[in-house]
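The values are calculated or read from the model by the stated rules, or taken from the named source; none is laboratory data. Given the structure is predicted, the values throughout are model-derived calculations rather than measurements. When we count neighbours, we look across all protein chains shown, and the Cβ atoms used for this are built from the backbone with ideal geometry, even at glycine. Surface areas here come from the heavy atoms of the whole protein model, side chains and all, with no ligands, DNA or RNA. Shrake-Rupley method; radii C 1.70, N 1.55, O 1.52, S 1.80 Å.
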Amino acid sequence: MTEPHDGLALYVHWPYCARICPYCDFNVVRARGRETEMAALVAALVEDLEAQAGLVGPRPLVSIFFGGGTPSLMPPDAVAAIVERAQALFPASGDIEVTLEANPTDAEAERFSALAGAGVTRLSLGVQSLDDAALKFLGRNHSGAEARRAVALAARHFARLSIDLIYARPGQTVSDWTGELVWALESGFEHISPYQLTIEPGTAFGRAVARGVWTPPDDDLAADLYEATQSVLGQAGFEAYEVSNHARGVAARSRHNLHVWRGGGYLGIGPGAHGRLTLGGVRTATVAHRGVTDYIAGVGAGRPWAERTALSPVEAAEEKVLLGLRTVEGVRLAVLAELQMSPAGGRLADLIADDFLTLSDRRVAATARGRPVLDGVLKALLT
């Protein structure tokens with residue numbers, strides 16, 4: 001593996017959605033009737049990018065990730081403008097990965113050719129399910145048939161394809177879930193991101209569960225679904241290179257996400273976008289203004305960030321552990337040493353002895369036993 005050095009990634013947040021899903025707690029707004037605001041946001045994104053480039057100086061660009069929200073609703077010429085400007089400001093030493101998240105509606109699929117022409121090299125499709133009843137429950141605005149059509153069309157335009165699927169839905173069986181995974185494999189995806197449905201406070205699902213409208217699957221069924229995921233994808237040659245991301249071979253991994261998980265620097269532009277920059281030799285966390293109009297006004301006034309926090313050496317090391325242990329690579333033992341941890345004794349030694357973590361080649365990684373309960377492992381390690 002390689003460690004990030006001076007390379008820089010770019011995250012672009014596009015907050016607009018045609019419909020807001022009931023499980024979503026991201027920074028999103030409805031797109032309808034906001035065309036003038038969208039045009040102003042595109043201009044602000046480019047202005048923000050240029051301003052941050054002036055702060056961090058020349059760095060080789062590693063990747064660009066358009067997230068949201070629904071970036072497949074972006075005008076393709078806006079995507080092209082951001083890609084071109086980023087490449088001009090941060091010349092890359094080789095090819096870069098440009099990922100864009102997309103919904104598989106027929107209307108958005110019609111943009112795939114133009115988005116590929118705008119410079120997108122990797123499409124991440126938010127299919128979530130193939131079952132129409134499940135899609136309705138999840139608040140999605142596409143059908144299973146639309147998803148299949150979008151997948152076939154995307155394969156004609158993008159060399160790299162990823163699919164997101166949600167499991168642990170009410171009423172879902174292990175057999176149902178296995179069938180969806182097999183379809184994804186048969187459709188040719190080289191990268192599959194299976195996410196367990198989580199109930200976040202403040203979302204429509206959070207409120208419904210609190211009122212007792214419906215109940216998520218119990219822990220035993222959720223564990224069975226997780227194990228089925230590992231079994232089906234593992235037998236097909238996929239590696240869980242990160243807790244919720246499986247790839248068939250190293251080349252299929254998300255370069256952008258790996259750069260972030262390895263502790264690399266990245267610019268965040270767009271409403272509510274997070275970034276990690278080295279400013280004055282100090283790793284610094286940035287958070288942009290969350291509201292769209294606040295962000296646009298902030299960029300115009302030279303203040304795009306609502307927060308800019310210099311991380312202490314301990315905070316920076318803890319963040320590397322939190323991110324790195326999500327990956328199959330784990331983290332260097334030297335990072336844990338910065339936190340006064342040693343495999344010779346204490347919390348780290350206990351977690352290794354209990355087979356939640358493993359030590360190999362001076363790196364610490366989560367084991368097969370530790371990965372399903374990683375949140376608890378991290379709490380035990382860092383609290």
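Every residue, every condition in (1) closer than 27 Å to Gly117 by Cα; (2) in contact (Cβ under 8 Å) with a residue 24 or more places away in the chain, yes or no:
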site: Asp132; (1), (2): no, no
site: Ala147; (1), (2): yes, yes
site: Ala159; (1), (2): yes, yes
site: Tyr167; (1), (2): no, yes
site: Leu185; (1), (2): yes, yes
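Among the residues of segment 239-273, how many are in contact with a Lys or Arg (Cβ under 6 Å, 6 or more places away or on another chain) and of a type in the set (Val, Ile, Thr)?
Summing the residues that are in contact with a Lys or Arg (Cβ under 6 Å, 6 or more places away or on another chain) and of a type in the set (Val, Ile, Thr) in segment 239-273 gives 1.
Scan segment 1-45 for residues that are open to solvent by 30 Å² or more (accessible area, probe 1.4 Å), under 23 Å from Arg283 (Cα atoms) and not in a loop (DSSP other than H, G, I, E, B) and jot them down.
Tyr11, the sole residue that qualifies.
Which ones in segment 173-198 are surrounded by 15 or more Cβ atoms within 10 Å (Cβ to Cβ) and closer than 19 Å to Arg253 by Cα?
Of everything in segment 173-198, those that are surrounded by 15 or more Cβ atoms within 10 Å (Cβ to Cβ) and closer than 19 Å to Arg253 by Cα turn out to be Leu181, Ala184, Leu185, Ser187, Phe189, Glu190, His191, Ile192, Ser193, Pro194, Tyr195.
Between Arg207, Arg248, which is under 22 Å from Thr121 (Cα atoms), at pLDDT 95 or above and surrounded by fewer than 20 Cβ atoms within 10 Å (Cβ to Cβ)?
Values: Arg207 fails: under 22 Å from Thr121 (Cα atoms).
Result of the check over Arg207, Arg248: Arg248.
Condition first: at pLDDT 95 or above and touching a His at 6+ places or on another chain (Cβ under 8 Å). Now tell me which residues in segment 1-58 satisfy that.
Residues satisfying the conditions are Ala9, Tyr11, Asn27.
Return a yes/no flag: does segment 218-240 have any residue that is closer than 19 Å to Ile192 by Cβ, open to solvent by less than 50 Å² (accessible area, probe 1.4 Å) and in a strand (DSSP E or B).
Scanning segment 218-240, I find at least one residue that is closer than 19 Å to Ile192 by Cβ, open to solvent by less than 50 Å² (accessible area, probe 1.4 Å) and in a strand (DSSP E or B), so the answer is yes.
How many residues does segment 202-217 contain that are free of Cβ contacts under 8 Å to residues at least 12 places away in the same chain and part of a loop (DSSP other than H, G, I, E, B)?
Result for segment 202-217: 2.
Pairs, please: C-beta under 7 Å, at least 6 apart or cross-chain, first residue within 16 Å of Gln196 (Cα to Cα) and in segment 365-383, second basic (Lys, Arg)?
Taking only residues 6 or more apart or on different chains, the pairs are Leu374/Arg326.
When segment 81-126 is examined, which residues are found to be in contact with a Gly (Cβ under 6 Å, 6 or more places away or on another chain) and more than 22 Å from Gly139 (Cα to Cα)?
Val83, Val98
Taking segment 159-172 as the search range and keeping residues that are surrounded by 14 or more Cβ atoms within 10 Å (Cβ to Cβ) and more than 20 Å from the chain's Cα centre (by Cα), which one is nearest to Pro216 (Cα to Cα)? Steps first, answer last, please.
At the first step, the residues of segment 159-172 found to be surrounded by 14 or more Cβ atoms within 10 Å (Cβ to Cβ) are 160-169, 172.
Pick out the ones that are also more than 20 Å from the chain's Cα centre (by Cα) and you get 169, 172.
Values: Arg169: 7, Gln172: 10 Å.
Result: Arg169.
In segment 107-130, what residues are within 19 Å of the chain's Cα centre (by Cα), in contact (Cβ under 8 Å) with a residue 40 or more places away in the chain and more than 19 Å from Gly69 (Cβ to Cβ)?
Passing the criteria: only Ser129.
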